[in-house]
Amino acid sequence: MKACYPGTFDPLTNGHMDIIERAASIADELIVAIMVNPDKRVLFSVSERIDMIKEAVQHLPNVAVVASEGLTVDLCRRLGANVLIRGIRAVMDYEYELQQSTANMMLDDTIESIFLVATPELSFISSSVVKNLVMSGGDAEKFVPNPVNRQLKEKIHGNHSGI
Ligand code: COA
């Protein structure tokens, strides 16, 4: 099974890592896809996000990282992936994911969406929570992989532009 895990990952959190590690254990190949939404204001550039994720997943030999614009199902077709992975943390995620996966199904019914329920202790984490925490002077070490924590500190406290 070749699977694709799409998201914005601005930045990658331990919640995303939970999904990546578990998906990598059931898929032969997992592609983490940074989907670029030009309307979304992000803290990290695409290349910064690619580098951080690559470093965080280097212990997982069957995981690759790509970035793309456009529709996720089009990317899956180009990659030859027939499964879309998404994580569900709470009912709020379910409603959004239901909408997204139904749209994806209408666009291409050969691509199946599989949902992994978040590990409970990670279910409160989001990229915004992590960014807010660091902007308010906190340390995100418990919530993000080390390469991400390093870059967050650098971006937010070392360089005040681009926030
Ligand atoms: N652990 C931690 N955080 C999680 C999480 C998890 N398991 N699952 C979701 N999140 C958080 C993210 O941190 C992010 O937090 P934020 O809102 O504070 O930034 C938020 O949930 C959004 O998650 P993300 O997984 O990055 O999804 P997204 O909504 O940004 O992107 C796409 C969803 C990219 C998959 C979707 O928009 C897409 O496919 N876009 C391409 C266009 C397309 O094909 N659309 C579908 C058909 S119309």
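The values are calculated or read from the model by the stated rules, or taken from the named source; none is laboratory data. Remember, it's a predicted structure, so these values are computed and weren't measured experimentally. Cβ placement follows ideal geometry from the backbone for every residue including glycine, while neighbour counts extend to all protein chains displayed. We work out accessible area using only protein heavy atoms, side chains counted, and drop any ligands, DNA or RNA first. Shrake-Rupley method; radii C 1.70, N 1.55, O 1.52, S 1.80 Å.
Before moving on, here are some points about what is shown:
- Extended-chain gain in nm, criterion 0.36 nm per residue less alpha-carbon gap, E154 and S126: 8.1 nm
- Sites matching chymotrypsin sites (Phe, Trp or Tyr not before Pro) across region 66-149 that sit in DSSP coil, with at most 15 neighbouring C-beta atoms within 10 Å: F124
- Among G80, G15, G137, the residue with the largest mean-square fluctuation in a Gaussian network model of the chain, with springs joining Cα atoms closer than 10 Å, is G137.
- Projected label distance in nm at E95 and S113, using a 7 Å step from Cα toward the beta-carbon: 1.5 nm
- Counting only protein heavy atoms and a probe of 1.4 Å, the accessible surface of region 2-123 is 54% carbon and sulfur.
- Accessible surface for the chain, divided over its residues, is 54 Å² per residue with a 1.4 Å probe.
- 0 to 90° range, to nearest 10: angle between helix 46-56 axis and the chain longest Cα axis: 90 degrees
- Principal-axis analysis of the Cα atoms of the chain puts helix 91-107 at an angle of about 50° to the longest axis.
- Placing unit charges on the Cβ atoms of the charged side chains and taking the dipole of region 45-124 about its Cα centre, the candidate lying farthest along the positive direction among F124, I111, M92 is I111.
- Placing unit charges on the Cβ atoms only, positive for Lys and Arg and negative for Asp and Glu, gives the chain a dipole magnitude near 360 debye about its Cα centre.
- Cα gyration tensor shape for region 2-123, rounded if a/c is under 1.5, else prolate or oblate: rounded
- Fluctuation leader among E141, E55, E121 - the chain, Gaussian network, Cα springs under 10 angstrom: E121
- Global form of region 113-157, assessed from the alpha-carbon gyration tensor, a/c cut-off 1.5: prolate
- Förster radius 25 Å - calculated FRET efficiency between E29 and T102, Cβ distance, rounded to 0.05: 0.45
- Helix axis angle, 14-26 relative to the chain longest principal axis, alpha carbon, degrees: 30 degrees
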